[in-house]
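Here the structure is laid out as structure tokens; the discussion comes afterwards.
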Amino acid sequence: MTADEFNTRLIDMNACPVAIEWCSGQTAEHAWATCVRGDWMFWLVGHLLRDTKPYDPLRAPLIRCAAACVRLHLADKLANLPTGESLLQLFMVAEAWAADPDSVSRKEIIVAKKQINTLHKHMNNTLHNYSRQSEAIAIIRQLFNSISSINAWLELGAPVVYDRIDSAYADIVRTHYPVCPLLVENE
């Protein structure tokens, strides 16, 4: 894929103007290798997986990637929350599915989603300010939702990595997707 073809593809996909400008003149391979904006990379992967079916194993690397970013973002928060242990256990269900989709049943995912939704609702009813606990619950809730809905994945990026120019998130994406998915798609 040439630099011009890559740029045209990003425009056709409705990538944000800043990303298109940054990628201008670069090949997909070079842009992927040098990008420090994990949010742009997440968007691209999520956009390409948008038409997959709920619980599709093709989503597993995406969920592993999201889980790694959530771990980085919430590193010290999960263990220090009043509901931290149960949150961590629910989070680990999503990680287990991402590691091996056959190891966690759809029913287990649905039960975990219900538990996290109950925690989220409880937090919304009892807290009037945005706290670390409600942030953790909201992020993990979106992680579960992203297993069955790519739109939820795209929303997950917002609290975790959007507008964070931090190469650690981009490095996590490259760990799970070493090659730009547009290049793999064209093979």
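Can you compute the label reach from Leu183? Point 7 Å from Cα along the Cβ direction, backbone N cut-off under 18 Å, restricted to the range 45-60. Counting only backbone N, you get 45-46, 48. Across the range 90-107, computed HN-Hα scalar couplings (Karplus, 6.51 cos²θ - 1.76 cosθ + 1.60, θ = phi - 60°) run 5, 4, 5, 4, 5, 4, 5, 4, 5, 6, 7, x, 7, 7, 10, 6, 4, 4 Hz from first to last residue, x flagging Gly and Pro. The Cβ shell under 14 Å around Trp22 holds other residues with a net charge of -1, Lys and Arg each +1, Asp and Glu each -1.
Place a point 7 Å from Cα of Val36 in the direction of its Cβ. Which residues in the range 166-182 have their backbone N less than 18 Å from it? Hits in the range 166-182 for Val36 at 18 Å: 166-175.
So, counting K/R as plus one and D/E as minus one, what does the shell of residues with Cβ under 13 Å around Pro61 add up to? Present the calculation step by step, with values, prior to reporting the outcome.
Details: positive: Arg59, Arg64, Arg174; negative: Asp56, Glu95, Asp100.
Charge balance in the 13 Å sphere: 0.
Taking label points 7 Å from Cα along the Cα-to-Cβ direction, Asp56 and Ala168 give a separation of 3.2 nm.
Every number in this text was worked out from the coordinates using simple rules, so none of it is lab data. These figures come from a predicted structure and were not determined experimentally. When we count neighbours, we look across all protein chains shown, and the Cβ atoms used for this are built from the backbone with ideal geometry, even at glycine.
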